[in-house]
Amino acid sequence: MAYLNDFINDIIEKTIIAPASKAAEIAELTDVIDKEKSGIEDDYSKIGKLYVEKYAKANDDTDLGLLVDGVKAREKKIKDSKLRIGELMGKTFCETCCEEVDEDALYCNNCGAKMPVKLLPGMVLCPHCNKAVREGIRFCTNCGGSMIEEPKPEGKVCPNCGWETTDMSLKFCDECGRRLEGGEEEEETKKEEAVPVKQVCPNCGFSKVAAGAAFCDECGRRMEPAE
């Protein structure tokens, strides 16, 4: 006994001739079957696409996960092939969406992705507009910004938390309260530390006796040797 599916398939493939009186209706029904089968295949495709978009980044080692990895690998091959064709044709395409863009475009007009800058020999990137310009010029020919590296402003750095400031008058960190390094205060402290320690006369209290002096400059009393 033939199965219904096999019987219908034979009618669709014209291996079975329908009775003349029923031929029109049977042909209409077989068209319905063909359209619905095609619709199911389309739905399967959409289901698979939704799954890939939702779980593409998940580490799934199941059969579905392996199929997703296979789809991603095929998509990468397609993208690489398209980009290579663009190179061979002298065109520039976005690596994200494969849409053609201007050669000197900073961003893709289609998806907004940032475009990689191709530097030719003797060219450098402007730090202001990221355009390629000739090396050695003083100002960018695109935005007019200075190509000369500006000196880093003097500042202080907190030795505890790393907070930075260009206000040289600050003595303490705004973040953690630790005394800041650098600045005039620190230089003055270093200078004071470098000055030799004075002696104090035990007789008259004169405090400006030079370090190592044997007698007091004020009263002449012999100075006691330092411990």
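The values are calculated or read from the model by the stated rules, or taken from the named source; none is laboratory data. Here the structure is a predicted model, which means the values were calculated and not measured. Cβ atoms come from the backbone with ideal geometry, glycine included; neighbour counts cover every protein chain shown. Ligands, DNA and RNA are stripped out before the accessible areas are found, and what is left, the full protein with its side chains, is counted by its heavy atoms. Shrake-Rupley method; radii C 1.70, N 1.55, O 1.52, S 1.80 Å.
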For this session: Could you sort out which of Lys72/Lys114; Lys35/Lys77; Lys131/Lys156; Lys54/Lys131; Lys54/Lys76; Lys46/Lys79 sit more than 28 Å apart by Cα distance in this structure?
Result: Lys35/Lys77; Lys131/Lys156; Lys54/Lys131
Exercise. How much length, in nm to one decimal, is gained on full extension between Cys129 and Lys91, taken as 0.36 nm per residue of separation minus their Cα-Cα distance?
Worked result: 11.4 nm
Problem set entry | Net charge, Glu36 excluded, C-beta distance under 11 Å - Lys, Arg +1, Asp, Glu -1 | -3
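Which net charge results for the neighbourhood of Ile78, defined as the other residues with beta-carbon distances under 13 angstrom from its beta-carbon, given Lys and Arg at +1 and Asp and Glu at -1?
+4
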For this session: Highest first, please rank the peptides 96-108, 33-45 by the mean number of other Cβ atoms sitting within 10 Å of their residues.
Result: 96-108, 33-45
For this session: Give the ranking of Thr141, Thr15, Thr30 by solvent-accessible surface, highest area first, calculated with a 1.4 Å probe.
Result: Thr141, Thr15, Thr30
Exercise. So how much accessible area does Met147 have, in Å² to the nearest 10, using a 1.4 Å probe?
Worked result: 40
